[in-house]
Amino acid sequence: MRSDRLRILLAGGVLLAVAGCATSEEWSTWKAHPAHFASGDHMSFSLRNSEGSTARVTRQDVAMARDESWWGKPITVSQDQILER
Amino acid sequence: MSVRRALAGGLVLACLMLVQGAVAAPNEDRLLPIDQHTSDKARTLATTHAGALRELNAGLYHCMPWVEVQKHSIGFFRPKSIDRDDRYLSLRIYIEQDPSPAFARLRVEDRASAMFSRYVGPLLRRMTKDPAVAADPDLDGFTLVLEWMKQAPRTGDRPVHETIAIFIEKATARDYLAGAVPITEMAAKTRVLGFDGETALGAIRLAVWDDNFVKTFKVANYVLDPGVSC
């Protein structure tokens, strides 16, 4: 009895977690922005977006995509060539 | 169902809701810590306006998600070219945009003019959102450092950033923000230094215009975090 309830609880949790896998249309939108949204990690995106809904991009998604589309350490002027603290 | 089981179920649901509804927060390390300002004048400014600087950081984070504020770049810095302890409210951003061959083919002055036109007005408005900042007699001006990728790097190459540093005296900024002078006149009174990667290009002259890009550009499908307004 106790293990049945636990199983139901776990199954419910899994269903909630996978309920919103992104549609191919949503992924097209996501991938159409290579510089901003190059992320291959779709965990949070999948959780949030459900079939038939419009894709949603949060600030967290932008930050994650930016980290993953990192071009490498840039050649750029250092702050102390311009400003003194 | 026992109270214990109900609590366990609630905990699982709460965890799932947390994962789905997590609110992103701007990193506080974008602000130069108060004790790292090197003069009493700068530390006083940083202390007095700490709240305004945090709000500036948060506003940029949520409302302009395509720009990245550089670490320790928001603060009351002294422009290198000035010997006395003039303190400018400063901000350095990296502007992320899709690599564009057309943009890369422009002259550096034209790329710089486009970036100045797009960003300087809106950023100045954000930096002076709290009127107490511009009204502070210890504040001498504003510095905006705008940086962008020159062109998409070839495989194995490091990307090269172009940078312009814009120094605006307070009186000039206030005239512009009050609508007393157009952006062209403000730019003419402003010192702009250019950099190609690490190489200084010296002072550059810009041909600027009023540009509503920041007001009109939206990241596709971007939704603000709950409780945030822009």
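The values are calculated or read from the model by the stated rules, or taken from the named source; none is laboratory data. None of these values were measured; they are calculated from a predicted model. Note that each Cβ is placed from the backbone with ideal geometry, even for glycine, and that neighbours are counted across all protein chains shown. The area values use the complete protein model at the heavy-atom level, side chains included, leaving out ligands, DNA and RNA. Shrake-Rupley method; radii C 1.70, N 1.55, O 1.52, S 1.80 Å.
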*Only helical DSSP H runs with n ≥ 4 go in: add -39500 (n - 2.57) per run for chain B, normalise by residue count and round the 222 nm mean residue ellipticity to 500 deg cm²/dmol.*
-11500 deg cm²/dmol
*If you line up the long axis of helix B:50-63 against the longest principal axis of chain B, both from Cα atoms, how many degrees apart are they, to the nearest 10?*
80 degrees
*Note, ³J(HN,Hα) from phi for the stretch B:126-134, Karplus 6.51, -1.76, 1.60, rounded to Hz, x at Gly and Pro*: 5, 5, 10, 4, 8, x, 5, 5, 5
*May I ask for the angle, rounded to the nearest 10°, between helix B:3-21 and the longest principal axis of chain B, with both axes built from Cα atoms and the value confined to 0 to 90°?*
20 degrees
*Output ³J(HN,Hα) for the stretch B:74-91: one whole-Hz value per residue in order, computed from phi by the Karplus curve 6.51 cos²θ - 1.76 cosθ + 1.60 with θ = phi - 60°, and x for Gly and Pro.*
9, x, 9, 8, 9, x, 4, 6, 10, 7, 6, 7, 6, 10, 10, 5, 10, 8
*Using modelled amide H (1.01 Å from N, peptide plane; none on Pro or chain starts), what sits under 5 Å from the amide H of A:Val57, excluding residues fewer than 5 places away?*
B:Tyr222, B:Val223
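Are there GluC sites (Glu not before Pro) in the stretch B:162-228 that DSSP marks as loop and that have at most 15 other Cβ atoms within 10 Å, and which are they? Don't skip to the answer; put the middle values down first.
Working: sites: B:Glu162, B:Glu169, B:Glu185, B:Glu198; in loops: B:Glu198.
When the GluC sites (Glu not before Pro) of the stretch B:162-228 are filtered for loop state and at most 15 Cβ neighbours within 10 Å, B:Glu198 remain.
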*With both partners inside the stretch B:82-230, how many of the DSSP beta bridges are antiparallel, as a percent to the nearest 5?*
70 percent
*asked:* Given the options B:Ala173, B:Val192, B:Met127, identify the residue whose Cα lies farthest towards the positive end of the charge dipole of chain B (+1 on Cβ of Lys, Arg; -1 on Cβ of Asp, Glu).
replied: B:Met127
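Counting only other chains, what is the mean number of Cβ atoms within 10 angstrom of the Cβ of each residue in peptide B:220-228? Please report the intermediate quantities before stating the final value.
Numbers: counts 8, 12, 7, 8, 2, 3, 1, 0, 1.
For peptide B:220-228, the averaged partner shielding equals 5.
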*Amide proton proximity set for A:Leu83, modelled H, under 5 Å, gap of 5+*: B:Lys80
*Where only alpha carbons of the stretch B:154-230 are counted, the Rg and the Dmax (Å)*: 17.4, 49
*asked:* Rounded to the nearest percent, how much of the accessible area of the stretch B:70-157 (1.4 Å probe, protein heavy atoms only) is carbon and sulfur?
replied: 46 percent
*Over the whole of A:59-65, what's the average partner chain Cβ count within 10 Å per residue? Rounded to a whole number, please.*
6
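Is there a simple number for the mean count of other chain Cβ atoms within 10 Å of the Cβ of residues in B:177-187, and what is it?
Across B:177-187, the average partner-chain Cβ count within 10 Å equals 0.
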_Net lengthening on full extension, B:Arg107/B:Ile82 (0.36 nm per residue, minus Cα-Cα)_ = 6.1 nm
_In Hz, Karplus ³J(HN,Hα) per residue of the stretch B:180-186 (6.51, -1.76, 1.60; θ = phi - 60°; x = Gly, Pro)_ = 6, 9, x, 4, 5, 6, 4
_Distance violations [Cα-Cα > 30 Å] among B:Lys80/B:Lys129; B:Lys41/B:Lys129; B:Lys41/B:Lys150; B:Lys80/B:Lys218; B:Lys41/B:Lys71_ = B:Lys41/B:Lys150; B:Lys80/B:Lys218
_Residues with amide H under 5 Å from that of B:Ala152, placed H, sequence gap 5 or more_ = B:Ser100
*Who wins for biggest fluctuation among B:Gly179, B:Gly75, B:Gly59 in a Gaussian network model of chain B, springs between alpha carbons below 10 Å?*
B:Gly179
_What's the magnitude of the charge dipole for the stretch B:19-167 around its Cα centre, counting Lys and Arg as +1 and Asp and Glu as -1 at the beta-carbon? Answer in Debye, nearest 20._
340 debye
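Could you tell me which trypsin sites (Lys or Arg not before Pro) in the stretch B:32-90 are loop residues by DSSP with no more than 10 other beta carbons within 10 angstrom of their beta carbon?
Numbers: sites: B:Lys41, B:Arg43, B:Arg54, B:Lys71, B:Lys80, B:Arg84, B:Arg87; in loops: B:Lys71, B:Lys80, B:Arg84, B:Arg87.
Loop-located and lightly packed - B:Arg84.
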